[in-house]
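These notes concern the structure reproduced below.
The values are calculated or read from the model by the stated rules, or taken from the named source; none is laboratory data. Just so we're clear, the structure is a prediction, and the values are computed from it rather than from any experiment. Glycine gets a Cβ as well: all are built from the backbone with ideal geometry, and neighbour counts include every protein chain shown. Note: areas computed on protein heavy atoms with side chains; ligands, DNA, RNA excluded. Shrake-Rupley method; radii C 1.70, N 1.55, O 1.52, S 1.80 Å.
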Amino acid sequence: MNDIQQFLNLNPYELKKEDKNKLFFTFQKNLSRFHKKNCSEYNKISSIFFKKLNKINCLSDLPYIHSNIFKNFNLKSTNSNFFTMNSSGTSGQVKSKINIDFQTSIIQAEVLKKIIFDFIPKTIDTIIIIGNEKNIKKQKYFDAKTVAIKGISRNFKKKIFLLKENNSMDKKKIIKIIKNYKQNKILFFGMTDNIWDNLLEELKKNKIKFPKNNWYLIHGGGWKKLQNKSISKKKFTNELRKITNIRKIYNYYGMIEQAGSIYMECEEGYFHSSIFSDILIRDKNLGVEKNKKFGLIQTMSILPISYPGHNILTEDMGAIIGEDNCKCGRKGKYFSYLKRVKNAEARGCSNV
């Protein structure tokens, strides 16, 4: 799959529909062929439920698998050395296992960097992580939260972990950040629920309010925990801006099965596919929905090479709003996320 370099040389959001569709479909079809040849479980599923690849001429007809299959099968498409990532399912639930080899991890890291720095200045070299450094280092396996922190933080020269071992905010560190970085452009990063519980709540408890600043914040996952507390997206954002004075706030949608090719939320409030990813919406009969119609989200990525996670039907509901015409100026499909399907097994919310 060495032809992935043609994507890596491009801006994540520069290709128009016609150009991207042709390039993306060809790569996805080749990737499906590669996984059929090298992963017996994927070959069985795709052979039973889908047309032969040589008879498929559109993206929506390509074989896809349900996200839950990674809980029941240990899928691999290469014989390389692996490290395993696990979804962050709640206690007692079976977790997805994703096998990543060196080549796939390098590609994921490179793509993640290109996507993130389309939203924040490339000059930012300091990241403030709403996490505990010792806990991250002690992890015996890579869960979604760990993968997110490791994946994003590797792009910055200076990393500051804001939480103590008991996951309370380090007050001395936050005061030092306010003092030393007031005029700098820096990035805060964390899971959505950690931003609320371990940053905002701690700032309010300690009566600390950030001054006006040039800071940025990226967050994702953790929404189910906040919804259980009746905290809406609007309330979260309003409180965040009120306490931190940060105006450049970006949410993202993604999953550990397709780490690296995240869908960033733009300034207009929509999630965007990049040239490395695509999205379809399917109805209850698994037909393709029209734009602005809500249904099951199907995500596609060109990054999974060591395992067949390139084309996945999720348990999430959303709607494609449009393509190539978002007011933010980025090309590609843009969509709204609605919710996880009712009665679907909760896989854990901090998915990347």
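Of the numbered conditions (1) closer than 23 Å to GLN227 by Cα; (2) out of contact with any Cys (no Cβ under 9 Å at 6 or more places or on another chain), LYS176 satisfies every one except a single condition; which is it?
All conditions are met except number (1).
So which residues in the stretch 318-341 are crowded, with 18+ Cβ neighbours inside 10 Å, at pLDDT below 95 and under 16 Å from GLU289 (Cβ atoms), if there are any at all?
TYR337
Being assigned to a strand (DSSP E or B) and surrounded by fewer than 18 Cβ atoms within 10 Å (Cβ to Cβ) is the filter here, so list the residues in the stretch 274-284 that pass it. Before you say what the answer is, go through the steps one by one.
Within the stretch 274-284, the subset assigned to a strand (DSSP E or B) is 277-282.
Scanning the stretch 274-284 gives a single hit, ARG282.
Looking at the stretch 285-313, which of its residues are farther than 20 Å from ILE100 by Cα and either among the basic types (Lys, Arg) or open to solvent by less than 10 Å² (accessible area, probe 1.4 Å) (or both)?
LYS290, LYS292, LYS293, GLY295, ILE297, GLN298
Of everything in the stretch 294-331, what is in contact with a Gly (Cβ under 9 Å, 6 or more places away or on another chain) and not in a loop (DSSP other than H, G, I, E, B)? Give them in sequence order.
Answer for the stretch 294-331, where residues must be in contact with a Gly (Cβ under 9 Å, 6 or more places away or on another chain) and not in a loop (DSSP other than H, G, I, E, B): GLY295, LEU296, ILE297, THR299, SER301, MET317, GLY318, ALA319, GLU323.
Does the stretch 264-287 hold any residues that are of a type outside the set (S, T, N, Q) and in contact with a Gly (Cβ under 6 Å, 6 or more places away or on another chain), and which are they?
Start the filter on the stretch 264-287 by keeping residues that are of a type outside the set (S, T, N, Q), which leaves 264-272, 275-276, 278-284, 286-287.
Answer for the stretch 264-287, where residues must be of a type outside the set (S, T, N, Q) and in contact with a Gly (Cβ under 6 Å, 6 or more places away or on another chain): HIS272, ILE281, ARG282, ASP283.
Need a quick list: helices (runs of 4 or more DSSP H) entirely within the stretch 124-219 having at least 1 residues that are within 20 Å of the chain's Cα centre (by Cα).
Once the helices (runs of 4 or more DSSP H) in the stretch 124-219 are filtered for at least 1 residues that are within 20 Å of the chain's Cα centre (by Cα), what remains is 133-138, 144-153.
Could you please find all residues in the stretch 58-96 being touching a helix residue (DSSP H, G or I) at 6+ places or on another chain (Cβ under 6 Å), at pLDDT below 85 and either among the basic types (Lys, Arg) or buried (at least 17 other Cβ atoms within 10 Å of the Cβ) (or both)?
MET85, SER87, SER88, SER96
For the stretch 256-273, indicate whether the set of residues that are assigned to a helix (DSSP H, G or I), surrounded by fewer than 18 Cβ atoms within 10 Å (Cβ to Cβ) and not hydroxyl-bearing (Ser, Thr, Tyr) is non-empty. Reasoning before the result, please.
Narrowing the stretch 256-273 to residues assigned to a helix (DSSP H, G or I): 256-258.
When the remaining residues are screened for being surrounded by fewer than 18 Cβ atoms within 10 Å (Cβ to Cβ), the result is none.
Within the stretch 256-273, not a single residue is assigned to a helix (DSSP H, G or I), surrounded by fewer than 18 Cβ atoms within 10 Å (Cβ to Cβ) and not hydroxyl-bearing (Ser, Thr, Tyr).
Just checking, does the stretch 172-193 include any residue being of a type in the set (Gly, Ala, Ser), within 30 Å of PRO304 (Cα to Cα) and open to solvent by less than 10 Å² (accessible area, probe 1.4 Å)?
First, pick out the residues of the stretch 172-193 that are of a type in the set (Gly, Ala, Ser): 190.
The next check asks that each one be within 30 Å of PRO304 (Cα to Cα); those that pass are 190.
Narrowing further to those that are open to solvent by less than 10 Å² (accessible area, probe 1.4 Å): 190.
Yes, there is a match, as at least one residue in the stretch 172-193 is of a type in the set (Gly, Ala, Ser), within 30 Å of PRO304 (Cα to Cα) and open to solvent by less than 10 Å² (accessible area, probe 1.4 Å).
Give me the pairs, please: first residue somewhere in the stretch 23-35 and of a type in the set (Gly, Ala, Ser), second residue anywhere and open to solvent by 40 Å² or more (accessible area, probe 1.4 Å) and not in a helix (DSSP H, G or I), beta-carbon distance under 7 Å, and either six or more positions apart or on two chains.
Here the result reads none, with nothing in the stretch 23-35 linked to a residue that is open to solvent by 40 Å² or more (accessible area, probe 1.4 Å) and not in a helix (DSSP H, G or I).
So PHE276 clears everything in (1) more than 24 Å from LEU217 (Cβ to Cβ); (2) at pLDDT 95 or above; (3) in contact with a strand residue (DSSP E or B) (Cβ under 7 Å, 6 or more places away or on another chain) except one condition, right? Which one?
Status for PHE276: all satisfied but (1).
What residue, of GLY332, GLY295, is of a type in the set (Gly, Ala, Ser) and out of contact with any His (no Cβ under 7 Å at 6 or more places or on another chain)?
Details: GLY332 fails: out of contact with any His (no Cβ under 7 Å at 6 or more places or on another chain).
Only one candidate passes the filter, namely GLY295.
Could you say whether any residue in the stretch 3-20 is among the polar types (S, T, N, Q), surrounded by 13 or more Cβ atoms within 10 Å (Cβ to Cβ) and out of contact with any helix residue (DSSP H, G or I) (no Cβ under 7 Å at 6 or more places or on another chain)?
First pass over the stretch 3-20, keeping only residues among the polar types (S, T, N, Q): 5-6, 9, 11.
Still in the list and also surrounded by 13 or more Cβ atoms within 10 Å (Cβ to Cβ): none.
Among the residues of the stretch 3-20, not one is among the polar types (S, T, N, Q), surrounded by 13 or more Cβ atoms within 10 Å (Cβ to Cβ) and out of contact with any helix residue (DSSP H, G or I) (no Cβ under 7 Å at 6 or more places or on another chain), which makes the answer no.
Kindly indicate whether any position in the stretch 232-242 is in contact with a helix residue (DSSP H, G or I) (Cβ under 6 Å, 6 or more places away or on another chain), more than 16 Å from ALA319 (Cα to Cα) and open to solvent by less than 10 Å² (accessible area, probe 1.4 Å).
Within the stretch 232-242, none of the residues are in contact with a helix residue (DSSP H, G or I) (Cβ under 6 Å, 6 or more places away or on another chain), more than 16 Å from ALA319 (Cα to Cα) and open to solvent by less than 10 Å² (accessible area, probe 1.4 Å).
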